[in-house]
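Heads up, the thing below is written out as structure tokens.
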2 protein chains.
Amino acid sequence: MSRSGADLALLLLGGFRALADRATAELAARGYEDVRPVHDFALRAILSGADNASELGRRMSIAKQSAAKTIAGLEERGFVRREPDPTDRRRIRLHVTEHGLAMLREGEAIFDELREQWEQQVGADAIKGLEDTLRRLLGNNTGRLDTPGWLMQDLGGDA
Amino acid sequence: MSRSGADLALLLLGGFRALADRATAELAARGYEDVRPVHDFALRAILSGADNASELGRRMSIAKQSAAKTIAGLEERGFVRREPDPTDRRRIRLHVTEHGLAMLREGEAIFDELREQWEQQVGADAIKGLEDTLRRLLGNNTGRLDTPGWLMQDLGGDA
DNA sequence: CCCAGATCGACAGCTTGGCTGTCGATGACA
DNA sequence: TGTCATCGACAGCCAAGCTGTCGATCTGGG
């Protein structure tokens, strides 16, 4: 079982976990403790237009009830505010706070640093080739956010 | 959120998910329903020497209590048997059944097929380059599950 | 030889992040 | 205006981690 397809899957998973683990640790070191990948995913989705629970659920491919739980977590941490919609009293609109934006920026910076570390290890061309290959394989839809809990749970990180 | 280090993480995760999802579906289609990646991981670890719950926990970097749950799942599905250790009455030794071995073989075959599909999409060289790059980055400790470096970050466990 | 400490597996109970089903309030439209 | 869709909330469930604790069982130093 060297050189097998299973190996390939493990390599990809290992790469993701390496990045996610380090990003979480670094984020915690910079003052954003208890931030999980799901928080980052959700915040990005909200920023890109999913400004209510039902829509967030659709974008993340989770039930709206689960989205509501996620939103509660984001609100507890001060990353979003919930405000009544003036035009539709059923809705509660989501607003990303400055604290949330700062966290996203910090995460982004950390990932860029990690990427640079990898470039120094294997060369910028190798990293670029890795990205290109994966992009071609995945049809460029990397934004899929429906990652199951068993993967997001304890590996922390801000992917 | 384009062209950043976070993208790299998403690509790696997406690649793993693509393989894992398809493998799970294909495994189900071939008669092994309700098999999750964790079952495969655990079975491999057991085969490679982790023949009791505590050791399995250490190899998989999870608490031994969680390992016990995993083992219960494997036993339910008939992939392992639990037998008392003749020389240490505290231990319950794990034995991979023929059914478990067959599932592993089928999984291996499926992964190989998926890898070939990818090779046809982007070329064998690209896949090989991807593997080589990741192997260099991850220190070549991929097929093994006892990789403390990138896995032990915030996992306390009772190891 | 014996007891202290380490280890094994099990139990209870918690946490997170999913799920379904149901509900009342509200909006959209024929 | 009445029907149907949608929104967010509540209750309750599941899966897979976690911790703490326990009794039983090795193991090794004195």
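Phi angles across the range B:50-57 convert, under the Karplus curve 6.51 cos²θ - 1.76 cosθ + 1.60 with θ = phi - 60°, into 3J(HN,Hα) values of 7, 9, 8, 4, 5, 5, 4, x Hz, Gly and Pro given as x.
Total buried accessible area between A and B, probe 1.4 Å, nearest 100: 5200 Å². Going by accessible surface with a 1.4 Å probe and the largest first, B:Asp7, B:Asp125 read B:Asp125, B:Asp7.
Take the Cα of B:Thr97, go 7 Å toward its beta carbon, and the backbone nitrogen atoms of the range B:42-79 under 13 Å from that spot belong to B:72-79. Rounded to the nearest 0.05, what FRET efficiency is calculated for A:Lys64 and A:Arg89 with R0 set to 22 Å and r the Cβ-Cβ distance? Working from the Cβ atoms, E equals 0.80. Remark on B:Arg93: its backbone amide H falls under 5 Å from those of B:Glu83, B:Asp85, a criterion applied only to residues 5 or more positions apart or on other chains, H modelled at 1.01 Å from N. Rolling a 1.4 Å probe over the heavy atoms of the protein chains gives the range A:5-142 an accessible area of 47 Å² per residue. The rule of thumb for compact globular proteins, 2.2 N^0.38 Å, goes into the C-alpha radius of gyration of the range A:5-142 1.22 times.
The values are calculated or read from the model by the stated rules, or taken from the named source; none is laboratory data. Given the structure is predicted, the values throughout are model-derived calculations rather than measurements. Please note: Cβ atoms are built from the backbone with ideal geometry, for glycine as well, and neighbour counts cover all protein chains shown. We work out accessible area using only protein heavy atoms, side chains counted, and drop any ligands, DNA or RNA first. Shrake-Rupley method; radii C 1.70, N 1.55, O 1.52, S 1.80 Å.
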